[in-house]
Amino acid sequence: MKKMRCLFWERVNYYRFSAYGLTLKKQEGNGEFRDDVTFEQMQMIYNFDKKLRETLIYYLESIEIEFRTQIAYYHPHDFGALGYKNSSYFRLKNSCKIFSKPTRENRIESSGKESFIIHHKEKYNEVFPFWVANEVMSFSELSKLFRNLLRKNKIMIIEDFKDFKASSDMVSSWLRTLSYI
């Protein structure tokens, strides 16, 4: 007998898919689905979530890269390539953990196969300028870094975005929210 193939199950793990049905179960009872729930409805919810994530990632990547670029330009411009090692160049002196030596080394080590990391390890004796350290940060760390920049640096970054009218506190909040997304 020829084995029938269910293409959906070959692409999506049952455990992952079953989470999309949690809100479709009866309120009372033993976890049964409501009578009007179909497999196709769960599939539609799954596909909607997938498309939403793809759309968000597309726009989030643009925002992340643009902010990463502006921060990597303005901070070293004012404080030098290694200025991130000096806590007095940040708003909160004790919240520079993302640039602390152990954190920075762990992040760089986990990105160790990247050609720009190998280049700086070999050619510059593992001295990483701000724009390199900036590239291995997560979006969450980037949002924390922006929040901790000196006000004048935040304002310069925000002003670089044409037709963008928002306070540095608002932008900090938006970046933090977007990092959660």
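For segment 153-181, which residues satisfy the criterion of being in contact (Cβ under 8 Å) with a residue 24 or more places away in the chain, in a helix (DSSP H, G or I), within 17 Å of HIS77 (Cβ to Cβ) and not β-branched (Val, Ile, Thr)?
Across segment 153-181, the qualifying residues are ASN153, MET156.
Name the pairs whose Cβ atoms lie under 7 Å apart, with the first residue in segment 27-55 and over 16 Å from ARG16 (Cα atoms), the second assigned to a helix (DSSP H, G or I) and among the aliphatic types (A, V, I, L, M), and 6 or more positions between them or separate chains?
Going by the 7 Å Cβ cut-off, the qualifying pairs are PHE33/LEU24; ARG34/LEU24; VAL37/LEU24.
Table: residues versus (1) surrounded by 10 or more Cβ atoms within 10 Å (Cβ to Cβ); (2) in contact with a Gly (Cβ under 9 Å, 6 or more places away or on another chain); (3) under 21 Å from ILE181 (Cα atoms); (4) of a type in the set (Lys, Arg).
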position: TYR20; (1), (2), (3), (4): yes, no, yes, no
position: LYS25; (1), (2), (3), (4): yes, yes, no, yes
position: GLY31; (1), (2), (3), (4): no, no, no, no
position: ASP36; (1), (2), (3), (4): no, no, no, no
position: GLN43; (1), (2), (3), (4): yes, no, no, no
position: PHE48; (1), (2), (3), (4): yes, no, yes, no
position: ARG53; (1), (2), (3), (4): yes, no, yes, yes
position: ILE57; (1), (2), (3), (4): yes, no, yes, no
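If you scan segment 148-174, which residues turn out to be small (Gly, Ala, Ser) and surrounded by 14 or more Cβ atoms within 10 Å (Cβ to Cβ)?
Selection gives SER168, SER172, SER173.
Closer than 15 Å to GLN70 by Cα and at pLDDT below 90: is that true of PHE161 in this structure?
So PHE161 fits the description; yes.
Working carefully through the options ILE71, ILE57, ILE65, find the one that is β-branched (Val, Ile, Thr) and under 14 Å from PHE130 (Cβ atoms).
The match here is ILE71.
The values are calculated or read from the model by the stated rules, or taken from the named source; none is laboratory data. This structure is a prediction, so every number in the text was calculated from the model and none was measured. Positions of Cβ are generated from backbone atoms using ideal geometry, with glycine treated the same way; all protein chains shown enter the neighbour counts.
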